[in-house]
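Here's the structure, in structure tokens; my notes come after.
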Amino acid sequence: MRKQLPKDFVIGGATAAYQVEGATKEDGKGRVLWDDFLEKQGRFSPDPAADFYHRYDEDLALAEAYGHQVIRLSIAWSRIFSDGAGAVESRGVAFYHRLFAACAKHHLIPFVTLHHFDTPERLHEIGDWLSQEMLEDFVEYARFCFEEFPEIKHWITINEPTSMAVQQYTSGTFPPAETGHFDKTFQAEHNQIVAHARIVNLYKSMGLDGEIGIVHALQTPYPYSDSSEDQHAADLQDALENRLYLDGTLAGDYAPKTLALIKEILAANQQPMFKYTDEEMAAIKKAAHQLDFVGVNNYFSKWLRAYHGKSETIHNGDGSKGSSVARLHGIGEEKKPAGIETTDWDWSIYPRGMYDMLMRIHQDYPLVPAIYVTENGIGLKESLPAEVTPNTVIADPKRIDYLKKYLSAIADAIQAGANVKGYFVWSLQDQFSWTNGYSKRYGLFFVDFPTQKRYVKQSAEWLKQVSQTHVIPE
Ligand code: BGP
């Protein structure tokens, strides 16, 4: 049977400032944690990215032409306050006013993220999410944006806080590239939850006309086998990546089981428990009762089995299929069961994981009124055909197949009662991937990076049909 989406279900594409804008040295933009890290790595540069800083109107026109009603954007904090705080950079402010006006012109409702992995360099150097000064400056930057941009009616505090905390201090794929520091990871997680809560409470106290939410990366960890050891490994992985955030931001308190799992991980690694105060917990509770929506980013799922050796992680950053390793002492080892389909970057294609996560939020976190799927998509190695014209449409059947399966899982979750109100495909146009560079393409629109020309992919045409009919073709 053909699956249907509700008539008011909205569809659009997602972007993040640092991954699309380029122009990292233009109009007074300050440096961020990635600038130095990428320069030293020497693998790829954040310039020109998709040159969105100059070509946003062209991309928004494509989004409109292909049936989108919404778009995910982020503000680069370092374009507004080059150093994270202090003097306002008026050219950065003017750019975002122009960008938001162009969204209105193209009939796109922007969902705007305040922090999408791009901490200003000075704040990164004093501890990033571990620094109280960073937290205070983040709240002030949020206040500035709420006052300055009344045209924005949908705010997102932080994008994927778990990706930052875990990749900064556990797996080491994000700067400062530390590994095995579960204590710093959980302290950063808690601090992000506090910063998020303070901003939600501030927004609500300002009585503004709009909504505020948070975007989480939520990948379901399943046990590799039926054994209780493997189930426990999956629970520990869930505590590392999901549970603290779900409890903190959606329930307003950390469940005793969540804290017990975290203590177990820390004890196994002889590291201290993270610190939290009554005042922070009161702010967290208040925010969870006022949150308007949660964004779910779901691409893949994980399977865990018991593991008692030392921590070892190898990141597949170039699409060499089968090269990933993830074994964490005190947690478990990732191992996919036979028959699970994967991408070249070893990400499992498992739409059931999307369904299960949406239903988990619906059932276990009933306070949150609405869910959006704020990222989902597939990274592929794609290239232009030898002969192209401006009207060339690029075939991407794997992406269409992926989107079809995941949108069907979302339709099933809605049918089963989850209040999912929209879907943002990652990504609107090709852009660079933080740890994989320019060869991992996700876009509905192909970007030929040397010329910056755009070409439509078939997935854009397919999604247009879904957005116009609300029916997922078989
Ligand atoms: C999410 C981020 C995005 C984006 C996406 C794809 O974690 O919010 O910014 O990059 O994942 O991931 P990757 O680029 O690692 O393939």
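The values are calculated or read from the model by the stated rules, or taken from the named source; none is laboratory data. Since we're looking at a predicted model, the values are computed, not measured. Note: ideal-geometry Cβ built from the backbone for every residue, glycine included; neighbour counts use all protein chains shown. Accessible surface is based on the protein model in full, side chains and every heavy atom, while ligands, DNA and RNA are left aside. Shrake-Rupley method; radii C 1.70, N 1.55, O 1.52, S 1.80 Å.
Within this structure, Arg327 fails the test of being out of contact with any Asp or Glu (no Cβ under 8 Å at 6 or more places or on another chain) and more than 16 Å from the ligand (Cβ to nearest atom). Residue count for the range 1-28 under the criterion of being free of Cβ contacts under 8 Å to residues at least 40 places away in the same chain and closer than 30 Å to Val471 by Cβ: the result is 1. The one condition from (1) closer than 30 Å to Lys335 by Cα; (2) among the hydrophobic types (A, V, I, L, M, F, W, C); (3) more than 17 Å from the chain's Cα centre (by Cα) that Leu240 does not meet is (3).
Pairing residues of the range 252-276 that are more than 13 Å from Gly332 (Cα to Cα) with residues that are of a type in the set (Val, Ile, Thr), at Cβ distances under 6 Å and at least 6 apart in sequence or on separate chains, gives Gly252/Ile284. Taken across the range 139-155, residues that are within 16 Å of the ligand (Cβ to nearest atom) and either closer than 25 Å to Glu39 by Cα or not in a helix (DSSP H, G or I) (or both) do not occur at all.
Filter the range 33-58 for residues that are without any contact (Cβ under 8 Å) to a residue 12 or more places away in the chain and either open to solvent by 10 Å² or more (accessible area, probe 1.4 Å) or touching a Lys or Arg at 6+ places or on another chain (Cβ under 8 Å) (or both) and give the result.
Once the filter is applied, which keeps residues that are without any contact (Cβ under 8 Å) to a residue 12 or more places away in the chain and either open to solvent by 10 Å² or more (accessible area, probe 1.4 Å) or touching a Lys or Arg at 6+ places or on another chain (Cβ under 8 Å) (or both), the range 33-58 yields Glu39, Lys40, Gln41, Gly42, Ser45.
Say we look at the range 156-174 and pick out the residues that are of a type in the set (Gly, Ala, Ser) and touching a residue at least 40 places away in the same chain (Cβ under 8 Å); which of these is farthest from the ligand (Cβ to nearest atom)? If we take residues in the range 156-174 being of a type in the set (Gly, Ala, Ser) and touching a residue at least 40 places away in the same chain (Cβ under 8 Å), then Gly172 is farthest from the ligand (Cβ to nearest atom). Where strands (runs of 3 or more DSSP E) sit wholly within the range 224-323, those with at least 2 residues that are open to solvent by 10 Å² or more (accessible area, probe 1.4 Å) occupy 302-305, 312-314. Go through the range 365-378 residue by residue and tally those that are in contact with a His (Cβ under 8 Å, 6 or more places away or on another chain) and either open to solvent by less than 60 Å² (accessible area, probe 1.4 Å) or among the β-branched types (Val, Ile, Thr) (or both). So the count comes out to 1.
Scanning the range 307-323 for residues that are in contact with a strand residue (DSSP E or B) (Cβ under 6 Å, 6 or more places away or on another chain) and not aromatic (Phe, Trp, Tyr) yields Ser311, Glu312, Thr313, Ile314. Scanning for something within 16 Å of the ligand (Cβ to nearest atom), among the charged types (D, E, K, R) and modelled with pLDDT of 95 or more, does the range 10-21 turn up at least one residue? Scanning the range 10-21, I find at least one residue that is within 16 Å of the ligand (Cβ to nearest atom), among the charged types (D, E, K, R) and modelled with pLDDT of 95 or more, so the answer is yes. Number of residues in the range 453-466 that are outside any strand (DSSP E or B) and open to solvent by less than 10 Å² (accessible area, probe 1.4 Å) equals 4.
Look at the range 439-451 and say how many of its residues are within 11 Å of the ligand (Cβ to nearest atom) and in a loop (DSSP other than H, G, I, E, B). Counting residues in the range 439-451 that are within 11 Å of the ligand (Cβ to nearest atom) and in a loop (DSSP other than H, G, I, E, B) gives 3. I'd like to check something: does the range 422-432 contain any residue that is more than 16 Å from the ligand (Cβ to nearest atom) and either at positive phi or open to solvent by less than 10 Å² (accessible area, probe 1.4 Å) (or both)? Looking through the range 422-432, at least one residue is more than 16 Å from the ligand (Cβ to nearest atom) and either at positive phi or open to solvent by less than 10 Å² (accessible area, probe 1.4 Å) (or both). Across the range 59-88, the number of residues qualifying as open to solvent by less than 50 Å² (accessible area, probe 1.4 Å), over 23 Å from the mean Cα position of the chain (by Cα) and within 18 Å of Phe146 (Cβ to Cβ) comes to 1.
Evaluation of Gly30 against the conditions (1) modelled with pLDDT of 95 or more; (2) surrounded by fewer than 17 Cβ atoms within 10 Å (Cβ to Cβ) shows that the sole unmet condition is (2).
Of the helices (runs of 4 or more DSSP H) lying entirely inside the range 1-93, the ones with 3 or more residues being farther than 25 Å from Asp137 by Cβ are found at 52-65.
For the range 104-118, the set of residues classified as within 21 Å of the chain's Cα centre (by Cα) and not in a loop (DSSP other than H, G, I, E, B) consists of Ile109, Pro110, Phe111, Val112, Thr113, Leu114, His115, listed by residue number. Please verify whether Ala411 is more than 16 Å from the ligand (Cβ to nearest atom), crowded, with 24+ Cβ neighbours inside 10 Å and not in a loop (DSSP other than H, G, I, E, B), treating the condition exactly as stated. In short, no.
Of all the criteria given as (1) within 15 Å of Phe293 (Cα to Cα); (2) open to solvent by 20 Å² or more (accessible area, probe 1.4 Å), the one not satisfied by Lys381 is (1). Of all residue pairs spaced 6 or more apart or on separate chains, those with beta-carbon atoms under 6 Å, a first member in the range 68-90 that is closer than 17 Å to Glu133 by Cα and a second member that is in a strand (DSSP E or B) are Trp77/Pro120; Ser78/Val32; Ser78/Pro120; Gly84/Pro120. Taking Ala102, is it within 19 Å of His115 (Cα to Cα) and open to solvent by less than 50 Å² (accessible area, probe 1.4 Å)? Considered against the rule, which asks whether it is within 19 Å of His115 (Cα to Cα) and open to solvent by less than 50 Å² (accessible area, probe 1.4 Å), Ala102 comes out as no.
Scanning the range 347-378 for residues that are more than 16 Å from the ligand (Cβ to nearest atom), hydrophobic (A, V, I, L, M, F, W, C) and over 16 Å from the mean Cα position of the chain (by Cα) gives Met359, Ile361, Leu367, Val368, Ala370.
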